[in-house]
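In what follows, a structure is listed as structure tokens, so that the remarks can point back to it.
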Amino acid sequence: MKKPLFHIAASFVILLIVFLMNACKVSEKANTKSGAQLWGENCGRCHNAPGPGEFRNSNWDVIGQHMRVRANLTGTDTEKIIGFLKGS
């Protein structure tokens, strides 16, 4: 009776490890994207993305933090997008 339970638990642990390793690979890929790529992929999902020249640099900080919450962006992604918009 104990052997099947052990095999189920071991299988679960192995699947969890594989899942976590794949999740780390996805986040590594996302970290290599530029601000321009992130802007293109995220900002146009829900609305017409404003161009870099549509707001002042000081406005991009406020907009970026607002959209970080609304679009569920990471802090790193938000900073990259804001940097791209300010630098363009």
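Values quoted throughout were computed directly from the atomic coordinates according to the rules given, and no laboratory measurement underlies them. Everything numeric in this text was worked out from a predicted model, so none of it was measured. Cβ placement follows ideal geometry from the backbone for every residue including glycine, while neighbour counts extend to all protein chains displayed.
Loop only per DSSP, at most 12 neighbouring Cβ atoms within 10 Å: give me the trypsin sites (Lys or Arg not before Pro) in the stretch 41-88, ordered by residue number. Provide the component values of the computation, followed by the final result.
Working: sites: R45, R56, R68, R70, K80, K86; in loops: R45, R56.
Listed in order of number, the matching sites are R45, R56.
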Q) Assuming R0 = 35 Å, what is the FRET efficiency of N48 and F12, from their Cβ-Cβ distance, to the nearest 0.05? A) 0.15
Q) If we sort 5-12, 37-44 on the protection proxy, mean other Cβ atoms within 10 Å, highest first, what's the order? A) 37-44, 5-12
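Fully extended, how many nm does the chain gain between N57 and T76 (0.36 nm per residue separation, minus their Cα-Cα distance)? Please report the intermediate quantities before stating the final value.
Values: separation 19, 0.36 × 19 = 6.84 nm, distance 1.79 nm.
Length gained between N57 and T76: 5.1 nm.
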Q. Residue by residue, what Karplus-based ³J(HN,Hα) values in Hz, rounded to whole numbers, does the stretch 73-88 have, using 6.51, -1.76 and 1.60 with θ = phi - 60° and x for Gly and Pro?
A. 8, 7, x, 5, 4, 4, 5, 5, 5, 4, x, 5, 5, 6, x, 8
